[in-house]
There are 2 protein chains.
Amino acid sequence: MKNTSIGFIGLGVMGKSMAEHLLKAGYQLIVWARTPSKVREITDRGALPADNTAELARRCDIIITIVGFPKDVEEVYFSDNGLLANIRPGTLLIDMTTSSPSLARRIASIALKHGAQALDAPVSGGDKGAQEATLSIMVGGDQTAFDRALPVFRTMGKNIVYQGPSGSGQHCKLCNQIAIASNMIGVCEAVAYAARVGLDPKKMLTSISSGAAASWSLNNLAPRMLSGNFDPGFYVKHFIKDMTIASESIDSLKLNMPGLDLALRLYRKLAEQGYENDGTQALYRLYQ
Amino acid sequence: MKNTSIGFIGLGVMGKSMAEHLLKAGYQLIVWARTPSKVREITDRGALPADNTAELARRCDIIITIVGFPKDVEEVYFSDNGLLANIRPGTLLIDMTTSSPSLARRIASIALKHGAQALDAPVSGGDKGAQEATLSIMVGGDQTAFDRALPVFRTMGKNIVYQGPSGSGQHCKLCNQIAIASNMIGVCEAVAYAARVGLDPKKMLTSISSGAAASWSLNNLAPRMLSGNFDPGFYVKHFIKDMTIASESIDSLKLNMPGLDLALRLYRKLAEQGYENDGTQALYRLYQ
């Protein structure tokens, strides 16, 4: 297995840690990124550089991508120099970007025409989960492709769940973001209400953080709101991207999700005020 | 201390368990309720019955109330036969109903004129927390009254926090409900989205329940939504009452909390459809 050569595209905050786990596990790792310094950092640790995505595609058995936006995914997969035009038959493509379910299905169907397989496998757990290899990985695609990828996923994550056919991993990640979206509003409003009526918001959190109001966001992000720490754990701009994908999917299904609509509207307002590079807890700014 | 006679008004699901803990702790307990069968259940265990609220008021050192709606609190405290007109000087009144902060302040100020003290001390933790004496108790009023009540609170709860002057306990409980309100929308929308796009919602929950989307409501109520179990843990009608109190408080402060507004609108719609005696997870009905 460790003779497998894995291509890796997308050495951002998440991707960098994930690539390092693959190296540590003994895989031959071939990397490409737009920024030379990011490539150097990982080639210094034993990865091999590729000249471009086309060359990377020709050299690898498995290729992992984790880039920014759906348009970046489209470029990496569909351009002339991209993966799909250059992979060898039998290649396994794994997109771990949070992207759209329909794009995931398109990639999988074209991969099939090239005799290759594709999985959508977005993650949650943030930079900390990536560093500690405790990511939750939500996987869509053929079960055989999932089985083939599982040892690779196990080097990066803990909660690895096969969700169903192509696009299912992305759909599941959207569920995650939909649940978080409305909850962020509730956390902001609880903290803002406490502050405005003259409670000590920390004492308020002591009372409510272990009961029916408890949530990851309340317990982890409310204290950051209170201390004015809006540093990015997860960027506002990326959350807006995810909610936009969810919203488009919801519209196409003719569903009505007023909580997501409201969250998207509030986060877009926050971005318009110049805070798109803050962390998602900066939603609290709208309530101050 | 155990010579203290405690009056108890409100032997509902919560109150019944709380009263039993006081009996077990050795307090002399004097009870009154509208429904004779509820009184009998607890007098069979050693509590003494009162003829009416006025007579109860005259016999007790500490009086605990946990009734349904603010109008019930008003009747118990302000009517001619009510507590305030009949208490002895030195009495400690503790309202554990989730009610309005302004009503709590009104009770405290009139109690003071009678040489008595009053605390607002709403709880969270539900019937299970009441049974197991693990309630979270959020307390507003004078610190001296809090200190006096603490041994009593310890028989019923675990997370007991002094929040500040009269009304602060109620304000804190409203923070709890405000946080839950928006989160319930997010949980419903995540589950509904999964079901509509053809995911296995249980697998979806396996993927997202331990990460940044995790919450008490997701982990405890989403599985009930999926199995169509809308039995009340916490009634829709009581949640609407709490959100209405919060909404009125927010309006009076000229604040804007669009998440709470949306939740209140959705829950009122649910009640209009005839589901006010369901549990709060029945919000999922609107998405089915």
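The values are calculated or read from the model by the stated rules, or taken from the named source; none is laboratory data. Just so we're clear, the structure is a prediction, and the values are computed from it rather than from any experiment. Cβ coordinates were reconstructed from backbone atoms using ideal geometry, including for glycine residues, and neighbour counts include every protein chain displayed. Quick note on the areas: whole protein, heavy atoms, side chains included, nothing else; ligands and nucleic acids left out. Shrake-Rupley method; radii C 1.70, N 1.55, O 1.52, S 1.80 Å.
If you go through region B:15-25 and pick out every residue that is open to solvent by 30 Å² or more (accessible area, probe 1.4 Å) and touching a strand residue (DSSP E or B) at 6+ places or on another chain (Cβ under 8 Å), you end up with 1. Residues considered: A:I94, A:I110. Of these, the only one that is within 24 Å of A:G12 (Cα to Cα), in the same structural domain as A:A54 (by TED's automatic domain parsing) and of a type in the set (V, I, T) is A:I94.
Got a number for residues in region B:107-140 being touching a helix residue (DSSP H, G or I) at 6+ places or on another chain (Cβ under 6 Å) and in a loop (DSSP other than H, G, I, E, B)?
So the count comes out to 3.
Restricting region B:5-14 to residues that are in contact (Cβ under 8 Å) with a residue 60 or more places away in the chain and not in a strand (DSSP E or B), the residue that is least open to solvent (accessible area, probe 1.4 Å) is B:G10.
Scanning region A:111-137 for residues that are more than 13 Å from every other protein chain (Cβ to nearest Cβ), out of contact with any Asp or Glu (no Cβ under 8 Å at 6 or more places or on another chain) and buried (at least 17 other Cβ atoms within 10 Å of the Cβ) turns up A:A111, A:H114, A:A116, A:Q131, A:A133. Restricting attention to region B:155-176, does a residue exist that is out of contact with any strand residue (DSSP E or B) (no Cβ under 7 Å at 6 or more places or on another chain) and more than 10 Å from chain A (Cβ to nearest Cβ)? Checking region B:155-176: at least one residue is out of contact with any strand residue (DSSP E or B) (no Cβ under 7 Å at 6 or more places or on another chain) and more than 10 Å from chain A (Cβ to nearest Cβ).
Where residues in region A:264-278 are assigned to a helix (DSSP H, G or I) and open to solvent by 70 Å² or more (accessible area, probe 1.4 Å), which of them is nearest to B:L264 (Cα to Cα)? Checking each candidate, the answer is A:R265. Considering region A:26-106, the qualifying helices (runs of 4 or more DSSP H), each wholly inside and each with 2 or more residues that are open to solvent by less than 10 Å² (accessible area, probe 1.4 Å), in contact (Cβ under 8 Å) with a residue 12 or more places away in the chain and under 30 Å from A:S247 (Cβ atoms), run over A:70-78. Filtering region A:208-249 to residues that are farther than 13 Å from A:I180 by Cα, more than 7 Å from every other protein chain (Cβ to nearest Cβ) and among the β-branched types (V, I, T) leaves A:T244, A:I245.
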